[in-house]
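No lab work stands behind these numbers, since they all come straight from the coordinates. No experiment lies behind these values; they were computed from the predicted model shown. Every residue, glycine as well, gets a Cβ built from its backbone with ideal geometry; the counts of neighbours run over all protein chains shown.
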Amino acid sequence: MIYKTRNSFQVHPFHLVSPSPWPIYTSISLLVLTTSGVLTMHGFFSAQDFVFLGLLSVILSMSFWFRDIISEATYLGNHTLAVQRGLNMGVGLFIVSEALFFLAIFWTFFHSALSPAVEVGAQWPPKGIDSVNPFELPLLNTVILLSSGFTVTFAHHCLIQGYRRGALHGIFYTIVLAIIFTALQGLEYTVSSFTLSDSTYGSCFYFGTGFHGLHVMIGTAFIAVGFWRFLAYHFTENHHLGFETSILYWHFVDIVWLILFISIYYWGS
């Protein structure tokens, strides 16, 4: 069988990627970012300047890389059904790796909570820790995040049915709710009575909720790019892989937050 792309014919349905500088640039940028981050934590002089340089390099190199991928998918016709299946599998495996990352955080939390050490007073939360009330900001954030999951699903169904206006509204409200969630999470940190260095409880709390907040910001950027692509008419009813993967990632973020709320905020308090 002969498969036709935008500019050529080929005898297989797969995409042979053209040589690209962005993977190596991204790798070097990540090396600079992580190394400078560790040096900053150890108090090395001017290391924080390289953190911002590394972060800027990562954002720029990945933006150019994603620009090329969008061109291959939208304008060059390289993302055949076989390629889309492979990309879906890749995103699925990535989310599995992220789930295992959060599993390690929950493992640490329950290991300390179910059998508190003498060093933390043999009680949980440790003596002197005033835990966050789960029925205040955390409960509100739960409602907001679950609502954003509903709006992004609504947008997806509108896109499949060809209702462009509804899809745009759904994506827009999802982004707004995500920004509100992040702002309230930051507010919660400012009014919290304990810090990252306050025993194992503080470390687990801020490590778990902080990395979830980072995933929320990444997911927000993911959906925002989908919103821009939707405005540019990149998506059709049966070809919107980038938007589908952002929805899958966002539902993963929702599930992790539910587990965080039940285990750390409610049970752990």
Report task. Please report the base-10 log of the normalised intensity I(q)/I(0) for the range 114-253, using a Debye sum with one equal scatterer per alpha carbon and no solvent, at each q in 0.10, 0.13, 0.17 (1/Å). Result -> -0.44, -0.63, -0.88
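Place a +1 charge on the Cβ of each Lys and Arg in the range 45-156 and a -1 charge on the Cβ of each Asp and Glu, then give the dipole magnitude about the Cα centre in debye, rounded to the nearest 20. Could the numbers behind the result be given before it?
Numbers: 3 positive and 7 negative charges, 49 e Å.
The calculated dipole for the range 45-156 is roughly 240 debye.
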Report summary line: Relative contact order in percent for the chain (Cα pairs under 8 Å, 6+ apart) equals 19
Report summary line: Thr151 neighbourhood, Cβ < 15 Å, K/R = +1, D/E = -1, net charge 0
Query raised in the report: Quick one: what Rg and Dmax do you get for the chain from the alpha carbons, in Å?
Result: 21.7, 71
Report summary line: Of all stretches in the chain that avoid trypsin sites (Lys or Arg not before Pro) placed in a DSSP loop and having at most 11 other Cβ atoms within 10 Å, the longest is 128-269
Query - Top positive-direction residue, dipole computed over the chain with Cβ charges, set Ser36, Leu56, Leu184 - result: Leu56
Query raised in the report: What's the angle, to the nearest 10 degrees (0 to 90), between helix 199-231's Cα axis and the longest principal axis of the chain?
Result: 20
**Report entry** Test item: Cα-centred dipole of the range 91-267, Lys/Arg +1 and Asp/Glu -1 on Cβ, debye
**Finding:** 420
Report task. Calculate one ³J(HN,Hα) per residue across the range 56-68 by plugging θ = phi - 60° into the Karplus curve 6.51 cos²θ - 1.76 cosθ + 1.60, and present them in order as whole Hz with x for glycine and proline. Result -> 4, 5, 4, 4, 5, 5, 6, 5, 5, 5, 5, 4, 5
